[in-house]
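Notes for the one structure printed next.
The values are calculated or read from the model by the stated rules, or taken from the named source; none is laboratory data. If you're wondering where the values come from, they're calculated on a predicted model, not measured in any experiment. Positions of Cβ are backbone-derived with ideal geometry, glycine not excepted, and every protein chain shown enters the neighbour counts.
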Amino acid sequence: MFARVLFPTDFSAYANAVFACLPELKAAGMAVVVLLVTIRGSDVPLPETVNRESLERVRWSAEEQLYIARMALEGQGLRVISRVEYGSPAAQIVRVAEEERVDLIAMGAQGKTVAQELLLGSVAHEVVRRASVPVLIQKFDVVRKLGHVECRRVCASMFKRVLHPTDFSECADAAFQIVKRLKAVGTEEVILLHVQDERVMTHRPAEQIAAFDQEDMRRLERMRRDLLLYGLPSQVMIRHGMPFREVLNVADEQDACLIVLGSQGRSALQELLTGSTLDNVVRLSRQPVLVVRPRREGV
């Protein structure tokens, strides 16, 4: 499923926490890890000679830490490719993902480089928007004590209990195809969720809303039966409200360990997984989020 995985790192405590979780993806077929460090021009201004020397020091430090990370992963039987690139972090992550033909990008939502911030939420969101492959955004509870940063996992097993919000679109179906294959990585239950957007339903008559719920429940039940064929038990839910809020509420109420969703929604009027909804789920969720984009023709 995810044979080649790209891991952008800045060696922060947050990034190291994501790194510690990488071996969990071996059950999903991971055999090759591409380690990427991006150095921005603002980190070491160019072209002055003194700053070129500083750049070399930054690169040497990055390569030294990449070597340590590489040894750790190779010790677990993984093949590792290390890269140091220059430029915009999001752009370099997307470019390297395409060049290395990876199946997944695994990254944190925040962190710091040896010089300045790198894997901030804005970078993660930009990668989610631009990447042509699934993006796994890891989440941790960050505890700061006396200058020490500790990252604690929300769930001990990321794939154990999966929440899959859907609007029944092509994009949502691409995510569902991934969900159907999660039995191999230890998924024990899937929660299938559809949210009726209160902004759209406000002025509709009650009988029409009931008809929509009935039809959508039939769709969810078909998905539930489909999952059973893959050995995955599931439950189905329909909620009414703001889509991103309901997704976050259900994730917490059901103790979900991972949210898997498509990168776009059905339409401007029937949106679930578009624009601000996706951004808010990725940004505000306590749980890791796996964002899946439908494969483009020819890719």
Item to check | Tabulated pairs, segment 1-30, first closer than 16 Å to V135 by Cβ, second among the hydroxyl-bearing types (S, T, Y) and surrounded by 20 or more Cβ atoms within 10 Å (Cβ to Cβ), C-beta under 8 angstrom, 6+ apart or interchain | outcome: P8/T38; A15/T9; V18/T9
Checklist entry - Q196: exposed (fewer than 15 other Cβ atoms within 10 Å of the Cβ) and more than 19 Å from K139 (Cα to Cα), yes or no? => result no
Checklist entry - Restricting attention to segment 64-91, which residues are touching a strand residue (DSSP E or B) at 6+ places or on another chain (Cβ under 6 Å), free of Cβ contacts under 8 Å to residues at least 60 places away in the same chain and part of a helix (DSSP H, G or I)? => result L66, R70, L73, E74
Item to check | So V80, is it modelled with pLDDT of 95 or more and in contact with a helix residue (DSSP H, G or I) (Cβ under 6 Å, 6 or more places away or on another chain) | outcome: yes
Checklist entry - Counting only residues that are surrounded by 15 or more Cβ atoms within 10 Å (Cβ to Cβ) and charged (D, E, K, R), which one in segment 64-94 is nearest to V33 (Cα to Cα)? => result R70
Next on the checklist: Go through (1) surrounded by 17 or more Cβ atoms within 10 Å (Cβ to Cβ); (2) more than 27 Å from the chain's Cα centre (by Cα); (3) modelled with pLDDT of 80 or more for W60 and report which single condition fails.
Outcome noted: (1)
Checklist outcome for this item: Among H240, H194, the single one that is touching a residue at least 60 places away in the same chain (Cβ under 8 Å) and in a strand (DSSP E or B) is H194
Checklist entry - On the given criteria, is N249 at pLDDT 95 or above and of a type in the set (S, T, N, Q)? => result yes
Checklist entry - What do you reckon, is R224 of a type in the set (K, R) and not in a helix (DSSP H, G or I)? => result no
Checklist entry - Quick check: is even one residue across segment 133-142 part of a strand (DSSP E or B), loosely packed, with under 15 Cβ neighbours inside 10 Å and modelled with pLDDT under 90? => result yes
